[in-house]
Amino acid sequence: MVTKKRRWRTLYRSDLSIGNTKLGRLTARATTPEVTVASLSVPEVRTRTCTRRVCALGFCRNVPYPCLQRRTLTHRIVVYVRYPDDLSGAFVPEIRRCQDVAARAMENAARALLPVLVTEPSTGLGGVLAAGATAFTNCLASGLRGQVQLVVGYRRSASDWRAASKRKRQ
């Protein structure tokens, strides 16, 4: 599947503070690979006017007709961690482990809060984000808490529009 359009929105960033001192933006660009917490693929269908060249009795003409097109839209909630470039390589496996712990906690919370996510998405999503942030903070060593940032984001991608295939009747 070829993904054409991408959309990114940050849903949550962990608080960057040590004590009462805010750190502001991280100066580092190092990140862990994205982990997908939840994914939903939705098929979309549309009709367009297509044309077909028809020739009869020596005359040719383009004839319009309705045609059906489809594509798949994928919604994903992803988690990754940002950390300073100069952080010792010994801490990176711990950061990735804590990222996985946060992703699992968010996935479990999403399953438990599924009815709330369907009826009131903003309330349910807040609970899912809180579960991930708490699990991530509890997993990290206290010396790393002010140096790393948990980022939860929403990604949307869509495949190209294609002609909908006709099903063969049996």
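The values are calculated or read from the model by the stated rules, or taken from the named source; none is laboratory data. Bear in mind the structure is a predicted one, so any value in this text is a computation, not a measurement. Cβ coordinates were reconstructed from backbone atoms using ideal geometry, including for glycine residues, and neighbour counts include every protein chain displayed. Ligands, DNA and RNA are excluded from the accessible area calculation, which covers all protein heavy atoms including side chains. Shrake-Rupley method; radii C 1.70, N 1.55, O 1.52, S 1.80 Å.
General remarks:
- Residue tally, condition in a helix (DSSP H, G or I) and either open to solvent by 40 Å² or more (accessible area, probe 1.4 Å) or at pLDDT 95 or above (or both), over the stretch 106-118: 9
- Residue match in the stretch 119-126 (condition: free of Cβ contacts under 8 Å to residues at least 60 places away in the same chain, open to solvent by less than 20 Å² (accessible area, probe 1.4 Å) and either acidic (D, E) or assigned to a helix (DSSP H, G or I) (or both)): yes
- Looking only at the stretch 69-95, and only at residues there that are in contact with a strand residue (DSSP E or B) (Cβ under 6 Å, 6 or more places away or on another chain) and of a type in the set (A, V, I, L, M), the one that is nearest to A163 (Cα to Cα): L73
- R71 being open to solvent by less than 80 Å² (accessible area, probe 1.4 Å), at pLDDT 90 or above and basic (K, R): yes
- Within the stretch 131-151, the residues that satisfy the criterion of being touching a helix residue (DSSP H, G or I) at 6+ places or on another chain (Cβ under 8 Å) and small (G, A, S) are A131, G132, A133, A135, A141.
- When the stretch 95-113 is filtered for residues that are closer than 15 Å to T32 by Cβ and either out of contact with any helix residue (DSSP H, G or I) (no Cβ under 8 Å at 6 or more places or on another chain) or without any contact (Cβ under 8 Å) to a residue 12 or more places away in the chain (or both), the ones remaining, listed by number, are I95, R96, D100.
- A count restricted to the stretch 74-103 and to residues that are outside any helix (DSSP H, G or I) and surrounded by 19 or more Cβ atoms within 10 Å (Cβ to Cβ) stands at 6.
- Restricted to the stretch 134-161, and to residues there that are under 23 Å from the mean Cα position of the chain (by Cα) and open to solvent by 50 Å² or more (accessible area, probe 1.4 Å), the residue that is modelled with the lowest pLDDT is R156.
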